[in-house]
Each structure stands twice: as structure tokens, then as C-alpha cells.
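**Student:** Here's a structure for you.
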Amino acid sequence: MRIDILTLFPDMIKPMFEHSMLWRATHYDFLDVNIMDFREFSEDKRNSVDDTPYGGGAGMVLRIEPVINAIRSIENHENALKILMTPQGIPYHQERARTLSKNKHIIILCGHYEGYDERIRDYFDVEISIGDYVLTGGEIAAMVVVDSIVRLIPGVLSNEDSPKDDSFTNNLLEYPQYTRPRLFEGKSVPEILLSGHHENIRKWRLEESEKRTRQRRPDLYEKYLKNQEK
Ligand code: 6GU
């Protein structure tokens with residue numbers, strides 16, 4: 001997969017690819033990431049990327065030219081899925097991560113300032129928000145999306161970390177996990193996990209997943225039950 005990230009703060013994003021799974025993904029060529037400072041595509045003297053809004057009002061608005069110039073400089077941009085990060089976008093969730101992880105080429109724009117020139121929207125396929133709160137810029141949100149997608153590319157995670165047991169797969173939260181020691185300050189590991197009885201362990205884990213989801217995320221639990229009926 002190739003991902004181009006358009007940002008005014010490339011140094012916020014670069015270090016994320018130097019560690020852990022995102023490092024692995026790039027080092028072993030599952031992912032080709034290109035971080036672009038779209039200020040370089042501003043054509044005016046001051047390299048400006050924002051301007052005051054028509055009609056007046058507070059704040060600055062992101063200009064269209066630097067963004068579109070940057071996109072057009074990307075090889076094969078016509079065939080890439082273009083994502084605009086904005087709190088006005090559709091809410092992000094695991095199902096969307098799974099869909100996006102099947103793309104060959106994604107371009108992501110991180111916004112800043114009070115907003116985008118509305119016409120920028122015409123050049124994007126989808127607008128994504130990571131939740132109902134406002135961030136100072138789209139960089140952190142873009143990294144949330146990138147991280148969640150990249151770990152789903154086949155081969156990036158080892159078999160043992162397989163995403164099939166992740167929370168949210170099938171609308172269930174993950175079951176409780178334990179490791180050594182067996183006893184810590186009077187807290188013990190559930191006997192069943194020491195039994196070696198794989199089928200019983202599987203059942204216990206499913207029940208715990210269901211219980212946990214019902215208690216913590218009744219909204220997800222509803223979806224889970226509906227899916228069971230199908
Ligand atoms: Cl994508 N951007 C910003 N600035 N704030 C957000 C967001 C995105 N998603 C939730 N809040």
C-alpha cells in the first residue's frame with residue numbers, strides 16, 4: 001500500500017513511522033509512506049497556505065491552490081482514494097478501517113486553521129472524523145486512521161497478533177487476558193485458563209467478551225445481537 005500524507009507539520013508525523021508496527025510496515029515494504037509539506041506547493045511569494053475568509057469573520061481559511069497542486073504532483077493521484085480529515089466528516093470505526101486497508105493508494109489531507117476553502121471538498125472522495133471533539137489539526141487524526149489501516153494489511157502483524165480477535169471484530173470487545181504470575185497480591189488467574197481445555201477456554205472467552213460488551217458498550221452489543229440473528 002502507498003499512503004501520501006499532506007500536512008503543514010511533517011515533523012509531527014515522521015517519527016510515528018520510526019517505531020513499532022509502522023516501522024515494521026515500512027521497513028518490510030508493506031507500506032510506502034510519503035509525507036508532503038504542501039506549503040512547498042504554494043505559488044505566492046510568502047508561501048502562504050491560508051487567507052482571511054470572504055464575508056469576514058475570525059480565523060483563517062486553508063487555500064485551495066497549495067492543496068490541489070500538491071495532490072497533482074503525486075504520481076497516479078487519479079487512482080488514489082483521497083481522504084479529507086475534518087471534524088465534520090463521517091465517524092471513523094473499525095469497519096471503515098477494514099475497508100480502507102484494501103486500497104492500494106491513499107492520499108490524506110490534514111487540515112489546520114478554522115477550516116478549508118469549501119471547494120477543496122470537491123477533490124476528495126471521503127471526509128473522516130475520528131470523534132466528536134475538536135483537535136488543533138488533522139495530523140493526530142490522520143495518524144489514527146493510518147495506524148488502524150496499516151495493522152490490517154496482511155503480513156504486517158505476526159500470526160499471533162492476528163487482528164481476528166481484536167476488539168470490535170464482530171462488534172465485540174476483547175476478552176480478559178492474563179499472564180504470569182498466577183497469583184499477585186491475592187488476585188488469581190481464572191482456573192479455566194490453566195485447564196488446557198481449548199474448547200472450554202474458547203467458550204469462556206466468548207462469554208466474557210459478550211458480558212464485557214453488554215456492560216461497557218450496550219450500543220455495540222445491540223449490533224452484535226442483530227448480526228447473530230442473520
Ligand atoms: Cl479529522 N480533525 C480535527 N481537527 N479535529 C477532529 C478530527 C479531525 N476528528 C475529530 N476531531
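**Student:** Hey, could you get me the Stokes-Einstein D for the chain, Kirkwood radius over alpha-carbon pairs, 4 °C and 1.567 mPa s, rounded to whole µm² s⁻¹?
**Tutor:** 64 µm²/s
**Student:** So, one more: Among the trypsin sites (Lys or Arg not before Pro) within the stretch 21-89, which fall in a DSSP loop and have no more than 14 other Cβ atoms within 10 Å of their own Cβ?
**Tutor:** Filter output for the stretch 21-89: 45, 46.
**Student:** By how many nm would the segment from residue 98 to residue 9 grow when fully extended, if each residue of separation counts as 0.36 nm and the alpha-carbon distance is taken off?
**Tutor:** 29.3 nm
**Student:** So, with a 1.4 angstrom probe, what is the percent of accessible area on the stretch 167-229 that is carbon and sulfur?
**Tutor:** C and S fraction of accessible area: 48 percent.
**Student:** Loop-only check: which chymotrypsin sites (Phe, Trp or Tyr not before Pro) in the stretch 95-133 are DSSP coil with at most 15 other Cβ within 10 angstrom?
**Tutor:** Working: sites: 113, 116, 123, 124, 133; in loops: 113, 124, 133.
Hits after loop and neighbour filter: 133.
**Student:** Using the Cα centre of the chain as the reference point, and only Cβ charges (+1 on K/R, -1 on D/E), how large is the resulting charge dipole? Debye, rounded to the nearest 20.
**Tutor:** 960 debye
**Student:** Then there's this: Heavy atoms only, probe 1.4 Å: what % of the accessible area of the stretch 2-150 goes to carbon and sulfur, would you let me know?
**Tutor:** Carbon and sulfur atoms account for 50 percent of the accessible area of the stretch 2-150.
**Student:** Here's a follow-up. Pop a pseudo-label 7 angstrom from the Cα along the beta-carbon direction at both residue 153 and residue 30 and give the gap in nm to one decimal.
**Tutor:** The modelled label-to-label distance comes out at 0.8 nm.
**Student:** Just grab the label-to-label distance for residue 179 and residue 51, each label 7 Å out from Cα along the Cβ direction, in nm (one decimal).
**Tutor:** 5.5 nm
**Student:** Starting from the amide H of residue 127, placed 1.01 Å from N in the peptide plane, find each other amide H under 5 Å away whose residue is 5 or more places distant or on another chain.
**Tutor:** Residues meeting the criterion, in which the H sits 1.01 Å from N, are 84, 90.
**Student:** Further, regarding this structure: Under a plain spin-label model, where a point goes 7 Å from the Cα along Cα-to-Cβ, how far apart in nm are residue 133 and residue 88?
**Tutor:** 2.3 nm
**Student:** Sticking with this structure for a sec: At 1.4 Å probe radius, can you tell me the per residue accessible area of the chain in Å²? Write down the numbers at each step before the final one.
**Tutor:** On the way: 14470 Å² over 230 residues.
That works out to 63 Å² for each residue.
**Student:** Follow-up. What's the FRET efficiency of residue 170 with residue 75 using the Cβ-Cβ distance as r and R₀ = 41 Å, to the nearest 0.05?
**Tutor:** So, using R0 = 41 Å, E works out to roughly 0.60.
**Student:** Let me ask something else about it. Could you list the GluC sites (Glu not before Pro) in the stretch 106-194 that lie in coil according to DSSP, counting only those with at most 14 other Cβ atoms within 10 Å of their Cβ? Provide the component values of the computation, followed by the final result.
**Tutor:** On the way: sites: 114, 118, 127, 139, 160, 174, 185, 191; in loops: 114, 174, 185.
Passing both the DSSP loop test and the Cβ count: 114, 185.
**Student:** Quick check on my link table: of 14/223; 164/226; 187/226; 14/82; 102/211; 164/203, which ones sit more than 28 Å apart, alpha carbon to alpha carbon?
**Tutor:** Listed pairs above 28 Å: 14/223; 187/226; 102/211.
**Student:** While we're looking at this one, here's another question. What FRET efficiency, computed as 1/(1 + (r/R0)^6) with R0 = 30 Å and r the Cβ-Cβ distance, is obtained for residue 122 and residue 43, rounded to the nearest 0.05?
**Tutor:** Taking R0 as 30 Å, the efficiency between residue 122 and residue 43 is 0.90.
The values are calculated or read from the model by the stated rules, or taken from the named source; none is laboratory data. If you're wondering where the values come from, they're calculated on a predicted model, not measured in any experiment. Positions of Cβ are backbone-derived with ideal geometry, glycine not excepted, and every protein chain shown enters the neighbour counts. Side chains are part of the model used for accessible areas, which takes the heavy atoms of the whole protein and leaves out ligands, DNA and RNA. Shrake-Rupley method; radii C 1.70, N 1.55, O 1.52, S 1.80 Å.
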